[in-house]
Amino acid sequence: MTTVLDEKLLKILVCPADRGPLVLIGDEVLYNPRLHKAYRIDDGIPVLLVDEAVDVGPDEHERLMERSGS
């Protein structure tokens, strides 16, 4: 599986809400485990807008963290 976002880009992307690092989940979402916010990736382009973030509940948080390997 090839990653849509390359490693260099992932290292500089931060959450717009708290400026902390994001976790790539598959090729579909960037996740902030501190705030439990998920940002979608559309056609390889991260949508890092606070208003577009999805709140993640405890069960989904656990699932995402398992998928991330963190």
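The values are calculated or read from the model by the stated rules, or taken from the named source; none is laboratory data. The structure displayed is predicted, hence computed values, not measured ones. Cβ: placed from backbone, ideal geometry, glycine included. Neighbour counts: every protein chain shown. The accessibility values were calculated without ligands, DNA or RNA, using every heavy atom of the protein model including side chains. Shrake-Rupley method; radii C 1.70, N 1.55, O 1.52, S 1.80 Å.
A few notes on this one:
- Each residue in segment 1-40 was checked for being open to solvent by less than 40 Å² (accessible area, probe 1.4 Å) and among the hydroxyl-bearing types (S, T, Y), and 2 pass.
- If you go through segment 41-63 and keep only what is surrounded by 14 or more Cβ atoms within 10 Å (Cβ to Cβ), out of contact with any Asp or Glu (no Cβ under 7 Å at 6 or more places or on another chain) and not in a loop (DSSP other than H, G, I, E, B), you end up with P46, E60, H61.
- First in segment 25-39 and touching a residue at least 40 places away in the same chain (Cβ under 8 Å), second anywhere and outside any strand (DSSP E or B), Cβ under 7 Å, 6 or more apart: I25/L64; I25/R67; I25/S68; G26/R67
- Tally of residues being at pLDDT 95 or above, more than 14 Å from S68 (Cβ to Cβ) and not in a loop (DSSP other than H, G, I, E, B) across segment 3-36: 1
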